[in-house]
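Engineer: Here it is, the structure, as structure tokens.
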Amino acid sequence: MTSPLRPEGADRLRWATLPLTVAAIGVVFGDIGTSPLYAFREALAQSAADGIEADEILGVLSLALWALILVVGCKYVLFLTRADNQGEGGVLALTALARRALGAATGRRSRVALVLGATGASLFYGDAMITPALSVLSAVEGFKTIPGAGGYFPDDVIIGLTVAILLGLFVIQARGTERVAKLFGPVCILWFVALAAMGLLHIFDEPAILRVVSPHYCVLFLVNHGVTGLFVLGAVFLTVTGAEALTADMGHFGRAPIQLGWFALVFPALTCNYLGQGAFALSALEAAQARGQTFANQDWFFLMTPEILRLPMILLAAAATVIASQAVITGAYSLTQQAIQLGLFPRLRIRQTSAEHSGQIYLPSINWLLLVGILVLVFAFRTSSAMAAAYGIAVTGTMVVTSCLAYIVVRHHWGWGRPAALALIAPFLALDCVFFGANILRVIEGGWVPLAIAAVIALMINTWMRGRQIVGAFEARQAIPLADLAAALAKRPPERVEGTAVFLTANPANTPGALLHNLKHNKVLHERNLIVSVRTLDRPVVAPEMRYKVQRLDDNFTSVVLNYGFMESPDVPHDLGRDALAPGVPGVAAARTSYFIGRNTLKASAEEGMPLWQDRIFMFLQRNASDPTDFLRIPPAKVLELGEQVTV
């Protein structure tokens, strides 16, 4: 008999799914879970040009529900959670999987996948800045709905409270969130239960609101409203913002907890709340018409909450938006780590904030850049309604990229034929393109902001990759095959010194520049010399048996390739310090080892390489990149840097 306290086999899997589901609800669904604060209000506002009628309320509500069903439920929860890269999801994990499916990393089609991934990553940072600003501001604005309290919360006070919350959130990042993260799940569960309860309270007042589950209300609304319907569609997309987090955080929780959390709690709670807001709006419309008054769009979420519960609901909403913001910040850290490993970004300082969970990291530069961008958005837009216009473009753009990458995975990794792959992906891509087109109409209202942020990030990625290609081409032209050097040194051996020298290089077949400079200027060779190359594979984590590729060239040189996944942080001294790297090849002793790193001096030139302005950007990125000793976890006292001047 299986003990209820120590389940085994399938029982153990079910036993583990529950706590993972609770944790996933606190991290994965925070962003989409706070969308009821503003999504229905903003969508209804777009249809209010000629006054709001019952048909507008029903149409907007039906669009919102079917967006949740098709985009989140079908595309992300049921489909994209299966298009994982060894359990990891997100746009860059999908990019790595697509590149591997297309074959050689240098192939033309593989570069297409890399460009798509870089585009999706660029758009994500726009989303990462807008989400905390919009969600926290919309929650704090709830104070205006408390009877008699409006005078105490003018716009300046609302903005001040929002800034204070955001400052506190970003300041604590350096200390890690391991302790408070345990509260995320329970708090978000309470939030979703409250969403459902407030919705059900008003659904029973207007049971006819349930008819919006019929999709014909969507079709009628779009047919009857023309261009206005497209603007409404762009605002309706606010209901599904945060869907990308479902796959981006999949590696931490797994597919089953995310699917269970969505269908068992999150989707029913969101549905009930949106139906409740719609029912409350219908009641308000009927009351206004009965009094002969003009019907005005309002903050339906907080107004439908009974007055006695409004303040607790505002505080709970603030807590939920902080959790949603934390999830986006953590996602930005993880995405940046992946981008660095894939060569899209320069090396940045990465700190582990938990001894138990490798995924809990902190990047100081990303943290403060996000904070500055978020504060600029808060002061520039000042209200959540003004900021909502800027929200959808980045998310819809990322979703279009995700669908394109998913087609590559289905076609080339899963091995489906072209008709079958198109039949699966085309409807999702068409839906994404419709939403993207609808949001493009709102560029003037503020949609240009995430596009500008994405353009800056994309320029940095392009500049960094082009600059690295130029430097790599220069090093290749100057390179000498390591086998030729080994043969020459075997005939005329130089002076030998004690200890081990580790020469780091991108190409283990060629002689590292630092080795040539050491021989040229110091005219010595260590007793033992390791030519070490650190490579990032198109998979999240590398198995221990795949970590090393060791080749003993002769008595002087041994080539070692260290493989890491794009979710891992390299630790060269630790991995070289094991008892044996391979049969007959012992590990290195830390006390008797020196590390040689090539560091070239960059020189800008308008005549060759990149344009002069792009040279300046690349040189700035290079100067501000994390020291390779920090990135590879090499003790600085053990490092010698040698190099030469390179024109970019």
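The values are calculated or read from the model by the stated rules, or taken from the named source; none is laboratory data. Here the structure is a predicted model, which is why all the values come from computation and not from measurement. Methodologically, a virtual Cβ is constructed for each residue, glycine included, from the backbone with ideal geometry; neighbour enumeration extends over all protein chains shown. Quick note on the areas: whole protein, heavy atoms, side chains included, nothing else; ligands and nucleic acids left out. Shrake-Rupley method; radii C 1.70, N 1.55, O 1.52, S 1.80 Å.
Engineer: I want to verify the translational diffusion coefficient of the range 430-569 in µm²/s; compute it with Stokes-Einstein, Rh as the Kirkwood radius over Cα pairs, at 37 °C and 0.692 mPa s.
Structural biologist: 173 µm²/s
Engineer: Let me ask something additional. Going by alpha carbons, how many degrees (0 to 90, nearest 10) lie between the helix axis of 9-27 and the longest principal axis of the chain?
Structural biologist: Relative to the chain, helix 9-27 is tipped by roughly 70 degrees.
Engineer: Report, in deg cm²/dmol and to the nearest 500, the calculated mean residue ellipticity at 222 nm for the chain, where each DSSP H run with n ≥ 4 adds -39500 (n - 2.57) and the sum is divided by the residue count.
Structural biologist: -18500 deg cm²/dmol
Engineer: Also, quick follow-up: Can you work out the FRET efficiency for the pair E527 and I172, with r the C-beta to C-beta distance and R0 = 41 Å, to the nearest 0.05?
Structural biologist: Efficiency at R0 = 41 Å is approximately 0.25.
Engineer: Would you be so kind as to identify which of V136, I189, I165 lies farthest towards the positive end of the dipole of the range 131-271, taking Lys and Arg as +1 and Asp and Glu as -1 on Cβ and the Cα centre as origin?
Structural biologist: I189
Engineer: Send over the Kirkwood Rh of the range 366-510, from the inverse of the averaged 1/r over different Cα pairs, rounded to one decimal Å.
Structural biologist: It works out to 20.7 Å.
Engineer: If I compute semi-axes √(5λ) of the Cα gyration tensor in Å from the structure I just sent, which labelled value in (i) 41, 33, 26; (ii) 52, 25, 23; (iii) 65, 36, 22 lines up?
Structural biologist: After the calculation, the listed value that fits is (ii).
Engineer: Let's see if you can work this out: charge +1 on each Lys and Arg Cβ, -1 on each Asp and Glu Cβ, no other charges. What is the dipole magnitude of the range 269-392 about its Cα centre, in debye to the nearest 20?
Structural biologist: Around 400 debye, computed over the range 269-392.
Engineer: Dipole of the range 431-564 (Lys/Arg Cβ +1, Asp/Glu Cβ -1, origin at the Cα centre): which of I461, H517, A490 lies farthest to the positive side?
Structural biologist: A490
Engineer: For the range 69-143, with equal point scatterers placed on the C-alpha atoms only and solvent neglected, what are the log10 I(q)/I(0) values from the Debye formula at q = 0.13, 0.14, 0.23 1/Å, to two decimals?
Structural biologist: Calculated log10 I(q)/I(0) at the listed q: -0.55, -0.62, -1.05.
Engineer: While we're on this one: Volume per residue, Å³, of the convex hull around the alpha-carbon atoms of the range 55-103?
Structural biologist: Dividing the Cα hull volume of the range 55-103 by its residue count gives 78 Å³.
Engineer: Applying 1/(1 + (r/R0)^6) with R0 = 30 Å to the Cβ-Cβ distance of A288 and V193, what FRET efficiency is obtained, to the nearest 0.05?
Structural biologist: My answer for the efficiency is 0.45.
Engineer: Now for a separate question. Compute the distance from the alpha-carbon center of the range 232-265 to that of the range 416-484, in whole Å.
Structural biologist: So the two Cα centres are separated by 23 Å.
Engineer: D for the range 264-374, whole µm²/s, Stokes-Einstein with Kirkwood Rh over alpha-carbon pairs at 10 °C and 1.306 mPa s: what number?
Structural biologist: 88 µm²/s
Engineer: Of all the C-alpha pairs in the range 124-223, what % are more than 18 Å from each other?
Structural biologist: 71 percent
Engineer: Would you mind checking the tilt of helix 91-102 against the longest principal axis of the Cα atoms of the chain, expressed as 0 to 90 degrees and rounded to 10?
Structural biologist: 60 degrees
Engineer: Residue by residue, what Karplus-based ³J(HN,Hα) values in Hz, rounded to whole numbers, does the range 198-211 have, using 6.51, -1.76 and 1.60 with θ = phi - 60° and x for Gly and Pro?
Structural biologist: The phi angles translate into 5, x, 4, 4, 9, 4, 5, 6, 9, x, 5, 5, 5, 5 Hz.
Engineer: Let me ask you something else. Would you tell me the accessible area of F436, worked out with a 1.4 angstrom probe on the heavy atoms of the protein chains, in Å² to the nearest 10?
Structural biologist: Around 70 Å² of this residue is reachable by solvent.
Engineer: Would you mind checking the tilt of helix 482-491 against the longest principal axis of the Cα atoms of the chain, expressed as 0 to 90 degrees and rounded to 10?
Structural biologist: Helix 482-491 sits at roughly 20 degrees to that axis.
Engineer: Can you give the Rg/Rh ratio of the range 491-644, where Rg is from the C-alpha atoms and Rh is the Kirkwood radius?
Structural biologist: Radius of gyration relative to Kirkwood radius: 1.00.
Engineer: Still on this structure, I have one more. Place +1 on the Cβ of every Lys and Arg and -1 on the Cβ of every Asp and Glu in the range 390-545, take the dipole about the Cα centre, and give the residue among A390, W448, A421 whose Cα lies farthest towards its positive end.
Structural biologist: The one lying farthest along the dipole's positive direction is A421.
Engineer: Moving to a separate point now. What do you get for GluC sites (Glu not before Pro) in the range 584-648 restricted to DSSP loop and a cutoff of at most 10 other Cβ within 10 Å of the site's Cβ?
Structural biologist: E607, E608
Engineer: Under a point-charge model restricted to the Cβ atoms of Lys and Arg (+1) and Asp and Glu (-1), what is the dipole moment magnitude of the chain relative to its Cα centre, in debye to the nearest 20?
Structural biologist: In debye, rounded to 20, the chain gives about 2040.
Engineer: Would you work out the charge dipole size for the range 500-629 about its Cα centre, treating the Cβ of every Lys and Arg as +1 and the Cβ of every Asp and Glu as -1, and quote it to the nearest 20 debye?
Structural biologist: Using Cβ point charges on Lys, Arg, Asp and Glu, the range 500-629 gives about 220 debye.
Engineer: Determine, from the Cβ-Cβ distance of N507 and I440 and an R0 of 35 Å, the FRET efficiency 1/(1 + (r/R0)^6), rounded to the nearest 0.05.
Structural biologist: 0.20
Engineer: Can I ask one more? Given that compact globular proteins tend to follow 2.2 N^0.38 Å, what is the ratio of the alpha-carbon Rg of the range 516-607 to that value?
Structural biologist: 1.30
Engineer: Under the Kirkwood approximation applied to all pairs of distinct alpha-carbon atoms, what is the hydrodynamic radius of the range 331-444 in Å?
Structural biologist: 17.3 Å
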